[in-house]
1. Taking the Cα centroid of the stretch B:332-391 and of the stretch B:202-217, what is the distance between the two, rounded to the nearest whole Å?
2. So which of A:Lys5/B:Lys400; A:Lys129/B:Lys226; B:Lys331/B:Lys399; B:Lys189/B:Lys329; B:Lys226/B:Lys370; B:Lys142/B:Lys164 end up more than 18 Å apart, counting from Cα to Cα?
3. Which lysines does B:Lys272 reach when only Cα atoms under 18 Å apart count, and residues fewer than 8 places away in its own chain are ignored?
4. Mind listing the phi-derived Karplus ³J(HN,Hα) values for the stretch B:87-101, rounded to whole Hz, using 6.51, -1.76 and 1.60 with θ = phi - 60°, and x for any glycine or proline?
5. Quick one: which of B:358-370, B:258-270, A:42-54, B:216-228 comes out on top by average Cβ neighbours within 10 Å, and what's the full order, highest first?
6. Give me a single rounded figure for A:3-15: the average over its residues of other chain Cβ atoms within 10 Å of their Cβ.
7. If you count, for every residue in B:347-355, the Cβ atoms of partner chains within 10 Å of its Cβ, what is the mean?
8. What's the local net charge at B:Ser162, with K and R +1, D and E -1, over the other residues with C-beta under 14 Å away?
Amino acid sequence: MNDLKDLYQEVILDHNKRPRNFCKLQQANHHAEGYNPLCGDHIDIYLQMEGDLIKDISFEGSGCAISKASASLMTDTLKGKTREKAETLFDGFHQMVTGGTGPAGKEIPQEMGKLAVFSGVREFPARVKCASLAWHTFHAALENRHEAVSTEEEDLNGKPAQQS
Amino acid sequence: MKFDIVKIREEFPILRQKAHGKPLVYLDNAATSHKPRAVLKTLEQFYTEDNANIHRGVHILSERATEAYEAARAKVQHFIHANRPDEIIFTRGTTEAINLVAQSYGRPNLNAGDEVLITEMEHHSNIVPWQMICEERGALLKVVPVNDAGELRLDQFEKLLSSKTRIVAVTHMSNVLGTINPVKEIIQKAHQKNIPVLLDGAQAIAHLAVNVEELDCDFYVFSAHKLYGPTGVGVLYGKRALLEAMPPYQGGGDMIRSVTFEKTTYNQLPYKFEAGTPNIAGAIGLGAAIDYLRTIDFEKAAHHERELLAYATETLQSIPGVRIIGTAKNKASVISFSLEGVHPHDIGTILDQEGVAIRTGHHCAQPLMKRFGVPATARISLAFYNTREEIDIFIRSLKKVKEVFK
Ligand SMILES: Cc1ncc(COP(=O)(O)O)c(C=O)c1O
């Protein structure tokens, strides 16, 4: 049986209750909007980029505990990182929540740090999109996409569809 | 005849299973209901004994299949008290039936500046088809608001019903709020201005006794799968005169009388609207569901549902932080709610782990979510096979949700 405690870990509940970096970033030079049409979750990601450096990052929106905590922990983790490092973490996160790494599969790389609390999500397929919404939206913000990203624009393999 | 819940549950084999190691408590009947053994048996029997295409074979299988398909039509006719069997069109479901009316009735009757009147509590399937045809024809979509209890504002309805209104499309019962609309009054008011009314009966059909003749509605639509029948089949009832005047919805086999490359003449009702091989087994399965419902005493079943609804409402309300969305005086079988500090999606996941199946999200009614200022709700929806014990399990599980999120 899946254990609820694996999904709703203390850290996740804490970030849900008191999300970090939960505001609109005044100095943002990148922004994107993300949307999960299935459950109505909605998120805005703001980025202040200095060259390839994520100087500051924040989010706003409404959603379930998993999506809110994911956004909160993501912003915490990405602040001060380079774009390249962020991409690596994005890949690692995607692998972890879709089951490529972790207890059942390979080990979770050390560099995932606190993000490892989301490894329980893979046991709850219906919640994978909740956990990855913030990350897809972050990705769109890097590219300053103007159309909102939607979790339903993934192809059948679970990869986000390429947008023009 | 006593309402014997134990015996009734035996007729629904799916209910016997465990979910995540706990007895399944299925409270998502508004999304789809389960199928009694009689329906399952009928489907199997059709495919093992009678399977054939209809209306075209000379052989015995085709004869039997055609007969069973048309018998199902007659069962639907009598179930909703329609005058004639050719007023019953089999569709893919509620959604297709509404699209059919929007296209075949809407297109010829809507011109620039005309209006279609719907309500704020409609399912997307009774919004989007109208939006599409309105856009095409330059017509306007008007919306009757609901009050804080989730009841239609009848005063507003009367105001919005104008000389430009060409059709009124309204749900008989809301899938989110449970509200039963005063459709008889709505129909009378619309008819005073010669405006036809379509009723979306997707929810009502399983909980209310529907009599289209008495209601005097012009169109009534529903899906078999919410009436204990199979998926992929539904019904459009339409008054014969209206259906006669409407052009076909789709072209193809079965809906024609004769075809040349120069001109095609269409078949008579109801076949004019049933292009292509229909869901034969599905329609026959719907017939079996109706037969089954006749054996259980619909009035007693409805009474049992009302008792469950009252019990669930009362116990839910006693939990601090619960807000029930949809408190209409006249409602049935559906409770939408939110729990302070917990997103519905999280409620759904935790209840699922307890074996309790509910629906969370916007329930295909985003404008209604906006009206009540919530992104989503959690929803339980009852059927006559649910029990008080199941409500107790649901409530206990909900308390667990509060534990996790305390
Ligand atoms: C009120 C209402 N209308 C329409 C529909 C659409 O029914 P279907 O998806 O079977 O076409 C539903 C089903 O969810 C409903 O509840």
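Values in this text are rule-based calculations from the coordinates and carry no lab data. Quantities reported herein were computed from a predicted structural model and do not represent experimental measurements. No Cβ is skipped: glycine too gets one built from the backbone with ideal geometry, and neighbour counts run over all protein chains shown.
1. Computed from Cα coordinates, the inter-centre distance equals 25 Å.
2. Correct reply: A:Lys129/B:Lys226; B:Lys331/B:Lys399; B:Lys189/B:Lys329; B:Lys226/B:Lys370.
3. The qualifying lysines are B:Lys239, B:Lys263.
4. 8, 9, 10, 7, 10, 7, x, 4, 4, 5, 5, 5, 4, 4, 5
5. My ranking of the peptides, most packed first, is B:216-228, B:358-370, A:42-54, B:258-270.
6. Average per residue, whole number: 2.
7. Mean inter-chain Cβ contacts per residue within 10 Å come to 3.
8. Value of the local net charge: +3.
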